[in-house]
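So the structure is just underneath, and the comments pick up after that.
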Ligand SMILES: [Zn+2]
C-alpha cells in the first residue's frame, strides 16, 4: 500500500478527536503568550497519544515539545495556536456578528494550524509503530506567532539543533506548497521620558514625550522615500502619555515594526530609525529608551523538501467540499469587495468560491508578510504547505476567517494538511538520501552564512519582561 493511502486512513480514524480539539482552541481564542488553555489541551492530548511532553521550554510558559520515538531521523512538526485581538466573531455565519465586544478570535486560523500539525505528529507516530520505522517525531508547540515570535526564541535556545527537517502549514484559500516567502522583521519599542507640567501656566517647564513620538514618526515618514522598495515600516503609538491636553505628557511610547527581504536590510533601516529617534529626543530634550521586542529572519525555501511535499500533496489530491460548503463560501465572498475578490493568489482560482486545484511550485521573487517559521528554516530544512480552509478572496486577519475556520470547510483543510505533512515526513524518514539532499540545499542557500538570531542575546521573551 502506498504510504499516502495509509496516512489518509490513519488520520481519518481520529478525525473527530482533531475536529474537537480545533473547536476548543477556536473557543479559547487566546492571544500571543497567553495561550495557556490551548497549550495545555495540546500537551494533554499529546500525552494521551503516547508522546512525552516537556512544558515551558525556552523560558516560555506556553512553549512545549511533545516527543515520540528515539534516535534519528528527527522530524519537527510545528504548531501554532494564538488568536488575534478585536476579531470576536460567531462561526458559520456570513455576516459580521461579534460574540463579545473587544473579544479575540482566530482570524488567522491557528486553531486549525496547531491541531492539523498535532494530527500529523500523531499520524507519523502511528505509521512508525505500524511499519516498524525508527526515529523521533516531535511536535513543537510554538506560541506567539502573531506577536512575539515564539519560534525565534525557541531557535535561539537551540531546540532545533538536532532536527533533521521541519514541516508545518498554514490555513489559506489555496492548495500549495511554500507559496509564500517571508520578510525579515524587527519589532522595537521607543520610549521617551520628559517632564510633566501645566500646559498653560508653565509650558516652558515641561518637556513633552508625546512631541518626541510625533517628531520621530514625522522623521520616519520622510525616511520612507529613501529606503529599498521592498521594505515596510509600520508603527503603533502604544502610550500617548495620558488623556489630558492640559498636561505636558511626561512619557510616551511607540512600537515600530520594520520589514525587509533580508535581516541585514532590516538592521540597516533600524539603525536609521534609531538615529531619527535620537534626533527626536534631542529636539524635545527628552530621554530615549529602547526595548527590542522581537524579530524574525527571512525564509529559506528548501527545494528538496518542497518537491517531496508537493508530490505527496498531489498523491493525496485536494480537500473536497459539498455543495452546502461551496454555497457558504459564496455567501462569504458576497461580503468581500470587488477589489478583494480580484486580488487572487492565482488566475486559475477566478470564479471559484473554494479552490479545487493544487498550485505549482512558485518562484521566490514574491514575499508576503513575515513569519517566525523563517528562523527555523535557517537551522534545519523546512517546508510548509497551504490547504484550502477559506473562500477565495478572503484576507487573513478578518472576521470572515474566524467564521470559516470554525466550520467543516476549515476542518477538511486542516485534516488534509495533517495528511500532507505526515506523508511527507514518513517518506523523508525512510530515505536518508533525501534528508542529506535537503541539508545540502540549505547549506547551498546559506552560502556559508551562519544563523544569527535577530533577537539580541540579552533580550528575554516578552512574557517575562512585564510585571
Ligand atoms: Zn497565521
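The values are calculated or read from the model by the stated rules, or taken from the named source; none is laboratory data. Here the structure is a predicted model, which is why all the values come from computation and not from measurement. Glycine gets a Cβ as well: all are built from the backbone with ideal geometry, and neighbour counts include every protein chain shown.
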Exactly one of 219, 206 is out of contact with any strand residue (DSSP E or B) (no Cβ under 8 Å at 6 or more places or on another chain) and farther than 22 Å from residue 462 by Cβ, and that residue is 219
By residue number, the members of the stretch 410-439 that are surrounded by fewer than 16 Cβ atoms within 10 Å (Cβ to Cβ), in contact (Cβ under 8 Å) with a residue 12 or more places away in the chain and not in a loop (DSSP other than H, G, I, E, B) are 432
Report task. Would you mind stating whether residue 90 is more than 21 Å from residue 413 (Cβ to Cβ) and surrounded by fewer than 22 Cβ atoms within 10 Å (Cβ to Cβ)? Result -> no
Residue count, the stretch 266-303, condition in contact with a strand residue (DSSP E or B) (Cβ under 9 Å, 6 or more places away or on another chain), under 30 Å from residue 5 (Cβ atoms) and in a helix (DSSP H, G or I), comes to 0
Here the qualifying pairs (Cβ atoms under 6 Å; residues six or more apart or on different chains; first in the stretch 59-86 and farther than 24 Å from residue 29 by Cβ; second within 16 Å of the ligand (Cβ to nearest atom)) come out as 76/140
Note on residue 119: of the conditions (1) modelled with pLDDT of 95 or more; (2) touching a helix residue (DSSP H, G or I) at 6+ places or on another chain (Cβ under 6 Å); (3) within 16 Å of the ligand (Cβ to nearest atom), unmet is (3)
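Quick check, is residue 186 under 19 Å from residue 276 (Cβ atoms) and without any contact (Cβ under 8 Å) to a residue 40 or more places away in the chain?
no
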Exactly one of 165, 190 is under 23 Å from residue 50 (Cβ atoms), surrounded by 22 or more Cβ atoms within 10 Å (Cβ to Cβ) and at pLDDT 95 or above, and that one is 165
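In this structure, is residue 457 more than 20 Å from the chain's Cα centre (by Cα), outside any helix (DSSP H, G or I) and closer than 26 Å to residue 154 by Cα?
For residue 457, the condition - more than 20 Å from the chain's Cα centre (by Cα), outside any helix (DSSP H, G or I) and closer than 26 Å to residue 154 by Cα - is met.
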Within the stretch 377-409, of all residues that are within 13 Å of the ligand (Cβ to nearest atom) and not in a loop (DSSP other than H, G, I, E, B), the one surrounded by the fewest Cβ atoms within 10 Å (Cβ to Cβ) is 386
Filtering the stretch 114-137 for residues that are surrounded by 21 or more Cβ atoms within 10 Å (Cβ to Cβ) and without any contact (Cβ under 8 Å) to a residue 60 or more places away in the chain leaves a count of 0
Checked 288, 310, 255, 282 against criteria (in contact with a helix residue (DSSP H, G or I) (Cβ under 6 Å, 6 or more places away or on another chain) and either under 30 Å from residue 196 (Cβ atoms) or in the same structural domain as residue 156 (by TED's automatic domain parsing) (or both)); the one match is 288
Would you confirm whether or not the stretch 211-221 contains a residue that is over 29 Å from the mean Cα position of the chain (by Cα), modelled with pLDDT of 95 or more, on the phi > 0 side of the Ramachandran plot and not in a strand (DSSP E or B)?
no
In the set 168, 201, 152, the lone residue that is within 16 Å of the ligand (Cβ to nearest atom) and either out of contact with any strand residue (DSSP E or B) (no Cβ under 7 Å at 6 or more places or on another chain) or part of a strand (DSSP E or B) (or both) is 168
Taking the stretch 285-313 and keeping residues surrounded by fewer than 23 Cβ atoms within 10 Å (Cβ to Cβ) and more than 30 Å from residue 362 (Cα to Cα) leaves 285, 287, 288, 289, 290, 291, 292, 293
Taking the stretch 171-190 and keeping residues outside any loop (DSSP other than H, G, I, E, B) and closer than 23 Å to residue 403 by Cβ leaves 171, 172, 175, 176
Residues that are under 30 Å from residue 346 (Cα atoms), assigned by TED's automatic domain parsing to the domain that holds residue 92, touching a helix residue (DSSP H, G or I) at 6+ places or on another chain (Cβ under 6 Å) and surrounded by fewer than 24 Cβ atoms within 10 Å (Cβ to Cβ): does the stretch 441-459 have at least one? yes
Residue hits (the stretch 239-265; more than 22 Å from residue 281 (Cβ to Cβ) and in contact with a strand residue (DSSP E or B) (Cβ under 8 Å, 6 or more places away or on another chain)) are 246, 259, 260, 261, 262, 263, 265
When restricted to 85, 63, 58, the only residue surrounded by 14 or more Cβ atoms within 10 Å (Cβ to Cβ) and modelled with pLDDT under 95 is 85
